[in-house]
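The values are calculated or read from the model by the stated rules, or taken from the named source; none is laboratory data. Everything quoted here is computed from the prediction, not taken from an experiment. Cβ placement follows ideal geometry from the backbone for every residue including glycine, while neighbour counts extend to all protein chains displayed.
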């Protein structure tokens with residue numbers, strides 16, 4: 001009998017990290033590798049026709065799989081006819097074969113780490129693949145002639161490239177609430193005679209919250225916020241000494257200028273959400289004015305002019321990320337108090 005094996009990683013087994021979450025479920029993939037083994041030629045000889053049968057088995061070539069689970073190296077070992085992959089004693093996956101058909105079954109019990117950098121979408125397209133020289137599938141073709149004599153040939157198929165593990169990723173849902181409860185107020189009076197400034201600081205980070213999150217099968221990592229300012233409309237609706245104030249970005253800082261004169265700036269700490277309003281020049285207030293309590297007369301930044309963007313990023317145990325961005329309109333939150341004679 002003369003037999004051969006061909007594969008080229010055409011037959012694959014793929015399980016999903018996502019289906020092992022929360023650690024009590026498993027994922028299974030089965031594929032028929034029997035078709036990769038073929039009898040090229042045979043001869044029963046003078047004793048006449050008998051039968052041809054295949055027998056399949058798995059063997060571990062190298063115990064060091066090159067894979068990890070939760071940072072722990074996965075070692076391969078035989079348990080009877082089954083290949084076990086364990087990380088520090090924890091069963092992560094098994095491989096077994098039907099010895100008569102060549103159908104191989106991969107069962108995954110725990111997550112498998114995937115290489116960085118992670119990604120923020122399409123996690124199950126990110127694959128960790130069993131390398132070559134680790135696990136082999138052997139196929140033995142046995143021919144039996146008419147009076148029971150036998151001959152056999154054994155072939156080996158390396159399962160490197162055939163056994164694959166798909167990644168899982170995190171999810172996050174963020175929200176923002178405000179209702180103008182956090183305010184910044186500066187005073188025209190503090191800018192007189194034009195060489196001094198007034199500053200107001202407030203923490204807007206508390207307005208941004210994570211409603212729900214899930215690290216997924218890869219386990220806990222971290223959640224971080226990143227804050228920035230966004231100009232929605234360059235026309236502020238405010239004026240200084242009768243000149244309209246326009247908004248522009250200067251790096252990460254919003255500048256309000258009237259005919260080129262810097263009237264105020266708004267800056268944000270990108271990690272905390274603390275916003276600082278600095279006023280350099282007076283801001284006009286609507287008539288009619290009042291004869292007293294000037295600093296209770298307020299000009300407020302309108303809606304649709306300036307916003308805080310807050311991005312919540314969740315990173316799972318092997319570096320995959322997901323994020324959500326929410327916006328807080330600073331209309332009504334930024335206020336300028338009048339001065340009087």
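Filter segment 122-131 down to the residues that are assigned to a strand (DSSP E or B) and surrounded by 18 or more Cβ atoms within 10 Å (Cβ to Cβ) and list them by number. Break it down into steps so the answer makes sense when it comes.
Restricting attention to segment 122-131, the residues satisfying the condition of being assigned to a strand (DSSP E or B) are 127-129.
128, the sole residue that qualifies.
Could you pull out the residue among 310, 304, 289, 340 that is at pLDDT 95 or above and surrounded by fewer than 16 Cβ atoms within 10 Å (Cβ to Cβ)? First the steps, then the outcome.
Working: 310 fails: surrounded by fewer than 16 Cβ atoms within 10 Å (Cβ to Cβ); 289 fails: at pLDDT 95 or above; 340 fails: at pLDDT 95 or above.
So the residue among 310, 304, 289, 340 that is at pLDDT 95 or above and surrounded by fewer than 16 Cβ atoms within 10 Å (Cβ to Cβ) is 304.
Look at residue 150 and say whether it is at pLDDT 90 or above and farther than 30 Å from residue 318 by Cβ. Reasoning before the result, please.
Details: at pLDDT 90 or above: no; farther than 30 Å from residue 318 by Cβ: yes.
Judged against the criteria, residue 150 is not a match.
Of the residues in segment 35-76, how many are closer than 24 Å to residue 9 by Cα and out of contact with any strand residue (DSSP E or B) (no Cβ under 9 Å at 6 or more places or on another chain)?
The total comes to 1.
Within segment 132-139, is even one residue in contact (Cβ under 8 Å) with a residue 24 or more places away in the chain, under 30 Å from residue 49 (Cα atoms) and crowded, with 17+ Cβ neighbours inside 10 Å? It would help to see each step written out before you state the result.
To start, the set of residues in segment 132-139 that are in contact (Cβ under 8 Å) with a residue 24 or more places away in the chain comprises 132-139.
Those still in the list that are under 30 Å from residue 49 (Cα atoms) too: 137-139.
Now narrow it down to the ones that are crowded, with 17+ Cβ neighbours inside 10 Å: 137, 139.
So far as segment 132-139 goes, yes, one or more of its residues are in contact (Cβ under 8 Å) with a residue 24 or more places away in the chain, under 30 Å from residue 49 (Cα atoms) and crowded, with 17+ Cβ neighbours inside 10 Å.
If residue 239 satisfies every condition in (1) in a strand (DSSP E or B); (2) under 33 Å from the mean Cα position of the chain (by Cα) but one, which is the exception?
Failing condition for residue 239: (2).
Looking at (1) surrounded by fewer than 18 Cβ atoms within 10 Å (Cβ to Cβ); (2) over 30 Å from residue 65 (Cα atoms); (3) not assigned by TED's automatic domain parsing to the domain that holds residue 58, which is the only condition residue 222 fails?
(2)
Which of the following residues is at pLDDT below 85, more than 30 Å from residue 274 (Cβ to Cβ), surrounded by 15 or more Cβ atoms within 10 Å (Cβ to Cβ) and in contact with a helix residue (DSSP H, G or I) (Cβ under 6 Å, 6 or more places away or on another chain): 169, 102? Show your work before the answer.
On the way: 102 fails: at pLDDT below 85.
Sole residue among the options that is at pLDDT below 85, more than 30 Å from residue 274 (Cβ to Cβ), surrounded by 15 or more Cβ atoms within 10 Å (Cβ to Cβ) and in contact with a helix residue (DSSP H, G or I) (Cβ under 6 Å, 6 or more places away or on another chain): 169.
With 208, 213 as the choices, which residue is under 23 Å from residue 329 (Cα atoms) and either touching a helix residue (DSSP H, G or I) at 6+ places or on another chain (Cβ under 6 Å) or in the same structural domain as residue 286 (by TED's automatic domain parsing) (or both)? Reasoning before the result, please.
Working: 213 fails: under 23 Å from residue 329 (Cα atoms).
Unique residue meeting the criteria: 208.
So that you can scan it fast, the table gives a plain yes or no per residue for (1) in a loop (DSSP other than H, G, I, E, B); (2) more than 30 Å from residue 168 (Cβ to Cβ); (3) assigned by TED's automatic domain parsing to the domain that holds residue 6:
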{"position": "38", "(1), (2), (3)": "no, yes, yes"}
{"position": "43", "(1), (2), (3)": "yes, yes, yes"}
{"position": "57", "(1), (2), (3)": "no, yes, yes"}
{"position": "62", "(1), (2), (3)": "yes, no, yes"}
{"position": "66", "(1), (2), (3)": "no, no, yes"}
{"position": "83", "(1), (2), (3)": "no, no, yes"}
{"position": "91", "(1), (2), (3)": "no, no, yes"}
{"position": "99", "(1), (2), (3)": "yes, yes, yes"}
{"position": "105", "(1), (2), (3)": "no, no, yes"}
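Examine segment 178-193 for a residue that is within 30 Å of residue 69 (Cβ to Cβ) and either outside any helix (DSSP H, G or I) or not assigned by TED's automatic domain parsing to the domain that holds residue 303 (or both), and state whether such a residue exists.
The first filter runs over segment 178-193 and keeps only residues within 30 Å of residue 69 (Cβ to Cβ), leaving none.
Within segment 178-193, none of the residues are within 30 Å of residue 69 (Cβ to Cβ) and either outside any helix (DSSP H, G or I) or not assigned by TED's automatic domain parsing to the domain that holds residue 303 (or both).
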